[in-house]
Amino acid sequence: MSQTVAGATQETHTDLLAPIREYVVDEERHLNAPAVVVRADEVQTVLSTLKAEADLDHCACVTAQEYADRYETIYHLRSYDDPTRELSVVVPTTSDDPTSESAAPVYPTAAWHEREAYDLVGIHYEDHPNLRRILLPETWQGHPLSRDYDQSQPQIVTYREHQRLLEDERTGPDRMHLNMGPHHPSTHGVLHLNVELDGEEVAAVDPDIGFIHRCEEQMCQSKTYRHQIMPYPDRWDWSGAGLLNEWAYARAAEDFVDIEVPEYAQVIRTMCGEFSRILGHMLAVATYALDVVSEFTAVFQWGIRDREIVQDILEDLTGQRLMFNYFRLGGVAWDLPEPRAAFFENIREFLDGLPEKLEEYHDMLTSNEIIQMRTVDTGYLSPETAKAYGCTGPVARGSGVDYDLRRDDPYGYYDELDWSVVTEDGGDNFSRLLVRMREVEESAKIIEQCVDLLEAWPEDDREIQANVPRTIRPDPDTEIYRAVEAAKGELGIYMRSDGTDTPARFKIRGPSFSHVQTLPVMAEGEYIPDLVATIGSLDPIMGDVDR
């Protein structure tokens, strides 16, 4: 469809399209970026050209959907150097033969995205390295997001499905198969790993996800933009980062219908987002101590102690401790609690005590010889591999990839504040731990500046919400992909409108989905204890993976 482009100038548009002009069948405009339509048998040529010549080296998301007359795959491409430099590559296929070239040979991260598209929508991808279901059992009949799917049909899972092991395909007589999870503390949720061992070394890992799939995308598609979708994002990542999830939806929906958030509300959102980041990182650090040193309960207790302080602050503000539901389209639900002075005093007391506490964390963790032996030079992820698999957040920044949407694609009040993006060049488990601990310090700096601003804000100018229509109905076929820097990385939302007050397609790009996909690359040649440390260093939340 034809819409104005928010994420690219006309010069950038021309620059992006120049290398692939001969392959472009049609041009569209999504609200975040220009979009091109290409043939299904020229996908790899187009994407490899864009990656090499247009510097679009980040395949952020892949969205699949079915229309009345066709299927469609959208590759949401960005540049790691400049995420506002983006392009959507639209690949339509016929309804009677939904087959397209796979993007996986160009962008390895697309392998899992395309498996999900095949599993839920029914699109087939030629040259895919391993096209099979990813969320549903192999024996599942039909594709739940296809238009002709019969929700009333019975599903029969055979005994064969339950007994299928990794050695069926690749384990030889000298190899041993090991199941890790899905009910195991070190897998951080219901993650099942098929592990193949060659002696004591890990020869291969096959992550098995889908155990917690909750159909969040479908539920959002059945809810109204204005009021009913916002309670759902908190549940995608229940580590406490829910306010950042709410912001992801708010940013996409506000750009969708051109809502401008008041400056005062932007400062409150920015403060809330960083508290949410601290909640997520504190839990990651606390549980990591248990992962790596087993009965290492001191750091875990400290992490929960400090999370409780933040949760008390956010409970005063939002009325909730975990599922906050505080953001609203156009702003926030209500102003800061009264008395404001007491609320600010609680925040400052937490911030004042944080440096000393972080020193204790470093004494017990980063200076700990056992932690160092278990994490330094294990779980190595090179910058090139991190980019190839679409890694973002602390996982990418721990490999030296200097990518942060708060700075690179500014939103909220971030571009008005003094703070730094944290990176480490080690690329190992230790580096990812360091990044999260240092990011807590940067979050505290941001929060302190927000408090200074809010304390001095004129009382008669405290506008918490824009004037938003009671019912939101975007124009038909309007499309957008927008993302924020959540605690675990890039959390993106794609939406397409059909002219009603509910989305025709709602797609969630969870950062943990891409991170778990890197496990086979990071674990090969290492040992089981290294694999445990590597899983924890990724800080996956399975609700973010399975959605």
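The values are calculated or read from the model by the stated rules, or taken from the named source; none is laboratory data. Remember, predicted model here, so these are calculated numbers, not experimental data. No Cβ is skipped: glycine too gets one built from the backbone with ideal geometry, and neighbour counts run over all protein chains shown. These area figures cover heavy atoms from the full protein model, side chains too; ligands, DNA and RNA do not enter into them. Shrake-Rupley method; radii C 1.70, N 1.55, O 1.52, S 1.80 Å.
Among the residues that make up the range 259-280, is at least one of them open to solvent by 30 Å² or more (accessible area, probe 1.4 Å) and either farther than 30 Å from His227 by Cα or in contact with a Lys or Arg (Cβ under 8 Å, 6 or more places away or on another chain) (or both)? Taking every residue of the range 259-280 in turn, none turns out to be open to solvent by 30 Å² or more (accessible area, probe 1.4 Å) and either farther than 30 Å from His227 by Cα or in contact with a Lys or Arg (Cβ under 8 Å, 6 or more places away or on another chain) (or both).
Does Ser443 satisfy the condition of being of a type in the set (S, T, N, Q), in contact with a Lys or Arg (Cβ under 6 Å, 6 or more places away or on another chain) and either in a helix (DSSP H, G or I) or under 30 Å from Glu114 (Cβ atoms) (or both)? Yes, satisfied. Could you tell me how many of the residues in the range 395-409 are open to solvent by less than 10 Å² (accessible area, probe 1.4 Å), of a type outside the set (Ser, Thr, Tyr) and in a loop (DSSP other than H, G, I, E, B)? Going through the range 395-409 one residue at a time, the tally reaches 3.
Yes/no matrix, rows are residues, columns are (1) closer than 23 Å to Cys215 by Cα; (2) assigned to a loop (DSSP other than H, G, I, E, B); (3) out of contact with any Pro (no Cβ under 6 Å at 6 or more places or on another chain):
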position: Thr93; (1), (2), (3): no, no, yes
position: Asp97; (1), (2), (3): no, yes, yes
position: Ala103; (1), (2), (3): no, yes, yes
position: Pro108; (1), (2), (3): no, yes, yes
position: Glu114; (1), (2), (3): yes, no, yes
position: His128; (1), (2), (3): no, yes, yes
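Pairs are defined by a Cβ separation below 7 Å, a sequence spacing of at least 6 or placement on different chains, a first member in the range 449-465 that is aromatic (Phe, Trp, Tyr), and a second member that is in a helix (DSSP H, G or I); the pairs so defined are Trp457/Tyr264. Here Leu244 clears all of (1) under 30 Å from Glu524 (Cα atoms); (2) modelled with pLDDT of 90 or more; (3) of a type outside the set (Val, Ile, Thr); (4) surrounded by 21 or more Cβ atoms within 10 Å (Cβ to Cβ) except the condition numbered (1).
To keep it simple, each residue is scored yes or no on (1) modelled with pLDDT of 90 or more; (2) surrounded by fewer than 24 Cβ atoms within 10 Å (Cβ to Cβ); (3) part of a helix (DSSP H, G or I).
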{"position": "Gly499", "(1), (2), (3)": "yes, yes, no"}
{"position": "Ser512", "(1), (2), (3)": "yes, no, yes"}
{"position": "Gly525", "(1), (2), (3)": "yes, yes, no"}
{"position": "Asp530", "(1), (2), (3)": "yes, yes, yes"}
{"position": "Ile535", "(1), (2), (3)": "yes, no, yes"}
{"position": "Val545", "(1), (2), (3)": "no, no, yes"}
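The residue that is nearest to Glu126 (Cα to Cα), counting only those in the range 39-59 that are open to solvent by 50 Å² or more (accessible area, probe 1.4 Å) and in a loop (DSSP other than H, G, I, E, B), is Asp41. The set of residues from the range 291-325 being assigned to a helix (DSSP H, G or I) and basic (Lys, Arg) comprises Arg305, Arg307. Per the listing Arg269, Arg340, Arg277, the residue uniquely of a type outside the set (Val, Ile, Thr), touching a strand residue (DSSP E or B) at 6+ places or on another chain (Cβ under 7 Å) and modelled with pLDDT of 95 or more is Arg269. Within the range 384-394, can you find the residues that are crowded, with 18+ Cβ neighbours inside 10 Å and assigned to a helix (DSSP H, G or I)? Scanning the range 384-394 gives Ala386, Lys387, Ala388, Gly393, Pro394. Of the residues making up the range 336-372, just one is farther than 30 Å from Glu463 by Cα, assigned to a loop (DSSP other than H, G, I, E, B) and either touching a Cys at 6+ places or on another chain (Cβ under 7 Å) or open to solvent by 70 Å² or more (accessible area, probe 1.4 Å) (or both), namely Ser367. Condition check for Ile472 on (1) modelled with pLDDT of 95 or more; (2) surrounded by 18 or more Cβ atoms within 10 Å (Cβ to Cβ); (3) more than 22 Å from the chain's Cα centre (by Cα): one failure, at (1).
What residue, among those in the range 120-149 that are without any contact (Cβ under 8 Å) to a residue 24 or more places away in the chain and farther than 22 Å from Gly390 by Cα, is most open to solvent (accessible area, probe 1.4 Å)? Step by step, filter the range 120-149, then rank; the result is Asp148.
So that you can scan it fast, the table gives a plain yes or no per residue for (1) open to solvent by less than 10 Å² (accessible area, probe 1.4 Å); (2) hydroxyl-bearing (Ser, Thr, Tyr):
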position: Thr423; (1), (2): no, yes
position: Met437; (1), (2): yes, no
position: Glu441; (1), (2): no, no
position: Asp460; (1), (2): no, no
position: Gln465; (1), (2): no, no
position: Arg505; (1), (2): no, no
position: Ile508; (1), (2): yes, no
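In this structure, Val484 qualifies as aliphatic (A, V, I, L, M) and within 17 Å of the chain's Cα centre (by Cα). Summed over the range 71-95, the residues that are aromatic (Phe, Trp, Tyr) and under 16 Å from Thr392 (Cα atoms) give a count of 1.
For the range 60-96, residues that are aliphatic (A, V, I, L, M), open to solvent by less than 10 Å² (accessible area, probe 1.4 Å) and farther than 16 Å from Asp409 by Cα total 6.
Against the conditions (1) surrounded by fewer than 19 Cβ atoms within 10 Å (Cβ to Cβ); (2) modelled with pLDDT of 95 or more, Ser294 satisfies every one except (2). Applying a threshold of 7 Å to beta carbon distances and a minimum spacing of six or more residues, or different chains, the list of pairs starting in the range 320-331 at a residue that is over 17 Å from Gln465 (Cα atoms) and ending at one that is open to solvent by 60 Å² or more (accessible area, probe 1.4 Å) reads Arg321/Glu315; Leu322/Trp238; Met323/Arg235. The set of residues from the range 418-432 being closer than 21 Å to Ala241 by Cα and either over 20 Å from the mean Cα position of the chain (by Cα) or at pLDDT below 95 (or both) comprises Trp419, Ser420. Of all residue pairs spaced 6 or more apart or on separate chains, those with beta-carbon atoms under 9 Å, a first member in the range 487-514 that is at positive phi and a second member that is among the polar types (S, T, N, Q) are Gly489/Thr392; Gly489/Ser512; Gly489/Ser514; Gly499/Thr478. Could you tell me which residue of the range 373-383 is least open to solvent (accessible area, probe 1.4 Å), considering only residues that are in contact with a Phe, Trp or Tyr (Cβ under 9 Å, 6 or more places away or on another chain) and aliphatic (A, V, I, L, M)? Per the criteria, the residue is Leu381.
Contact annotation: residue pairs with Cβ atoms under 6 Å, 6 or more positions apart or on different chains, pairing a residue in the range 91-119 that is over 13 Å from Val43 (Cα atoms) and among the hydrophobic types (A, V, I, L, M, F, W, C) with a partner that is open to solvent by less than 20 Å² (accessible area, probe 1.4 Å) and in a helix (DSSP H, G or I), are Trp112/Gln517.
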